Every structure is written in C-alpha cells, then in structure tokens.
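Asker: Below you'll find the structure I mean.
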Amino acid sequence: MKIIVERGEKKMLITAMKVKRMIKMNNRLLAIVSITLDEMIAIHDIKIIESDHGIFLAMPSRKLGNSFVDVAHPIHQQARKGIENLVFSAYEVVKNENYGDAYFVLTSTNASSFMDQSLSDFEIEYAIAMEKIQLHYQKDEDD
C-alpha cells in the first residue's frame, strides 16, 4: 500500500543549523551538526568527518551488534547533496571565522526545497569564538 501525503507546492526547507566545531585531537571528527526542518523536526548528531578523500557527512547512527545503522538519513542522493551543500558551506564559515559554535537561521529564501537552498538564505544568530571553547576545554583538563 502506498500512502501519498498531498503538500501542494510547499516542500521541506532547512530552517536552522547549529554547527559545533570539534577541537582536533588526532581524530577525524571535524564538527557535529544539528539541522531543523520546517521549524518542526530536528536531526541531531550529524557528523562532518575528514577522510583521506576529503570531508563527508555521517548521518546519526546507533550501534546494532557489531555494526552501525543510520537512525535518520536522506532517501535519495539529491536530498543528501542538498543537505551536504548547506552543512559544508556552514562549516566553512565556522572554520574560516574561527568560531567554535554557530547557529544559522533561515531569514529568506526563494528556494522551493532544501535541495535549492544556499547559505545566503541564512544569517548567523549567534557564534562563540573557538578561543573561548579552547580555554574552557583547557580549564576542564587542568581541574
């Protein structure tokens, strides 16, 4: 049985993104990201990971036996590319501005779905400098 939900012309948008940059400690995890879809659904623990072939997005997963399974993921390659484009663009801003955390909110868009959105549709609502996070991290290590 196939169930179709009629949504008219409205398609899903990413309405917020939080990027938390990781302090590099000889691992390949660069950042942890949360996205909000249509101001209604949040997906947490999306990881940006560095590999020998560049960076990639790892969707939230849990361990099941000896392997990991995604608990939330795009069904189609086009949807994955749309999420990757926005998340990687946001990560580049965070990295280049030397932020530790940054929260991006949708301000306006002409896109019909998140697959057409760009980072110019967003503004940074708040950001925390990486130095503050590193100082806090060092203080916790010293205690």
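Asker: Through the Karplus equation 6.51 cos²θ - 1.76 cosθ + 1.60, θ set to phi - 60°, convert the phi angles of the range 96-105 into ³J(HN,Hα) values in whole Hz; use x for Gly and Pro.
Answerer: 5, 8, 6, 7, x, 10, 8, 10, 9, 10
Asker: Please compute the net charge surrounding H53, taking Lys and Arg as +1 and Asp and Glu as -1 over other residues with Cβ under 15 Å from its Cβ.
Answerer: Net charge in that neighbourhood comes out at -2.
Asker: For the range 108-116, what does the Karplus curve 6.51 cos²θ - 1.76 cosθ + 1.60, with θ = phi - 60°, yield as ³J(HN,Hα) per residue in whole Hz, taken in order and with x for Gly and Pro?
Answerer: My calculation for the range 108-116 gives 6, 7, 9, 5, 8, 7, 5, 5, 10 Hz in order.
Asker: Also: For a paramagnetic label modelled at 7 Å from the Cα of I55 toward its Cβ, which residues of the range 78-93 fall within the zone defined by backbone nitrogen distances under 13 Å?
Answerer: Counting only backbone N, you get 84-93.
Asker: A further question follows. If I take the Cα coordinates of the range 26-143 and project them onto the principal axes, what are the three extents in Å, biggest first?
Answerer: Result for the range 26-143: principal-axis Cα extents of 49, 41, 30 Å.
Asker: I've got another one for you. Going through the cross-link list K18/K63; K20/K95; K20/K47, which pairs have a Cα-Cα distance over 20 Å in this structure?
Answerer: K18/K63
Asker: Another question, if that's okay. Per residue of the range 72-84, what does 6.51 cos²θ - 1.76 cosθ + 1.60 with θ = phi - 60° give for ³J(HN,Hα)? Whole Hz please, x for Gly and Pro, Karplus curve as stated.
Answerer: 8, 6, x, 7, 10, 4, 4, 5, 4, 4, x, 5, 4
Asker: Now for a different question. With label points built 7 Å along Cα→Cβ from the Cα atoms of D45 and N98, find their separation and express it in nm.
Answerer: 3.3 nm
Each reported figure results from applying straightforward, stated rules to the coordinates on display, with no laboratory input. Just so we're clear, the structure is a prediction, and the values are computed from it rather than from any experiment. Heads up, the Cβs are rebuilt from the backbone with ideal geometry, glycines too, and the neighbour counts pull from every protein chain shown.
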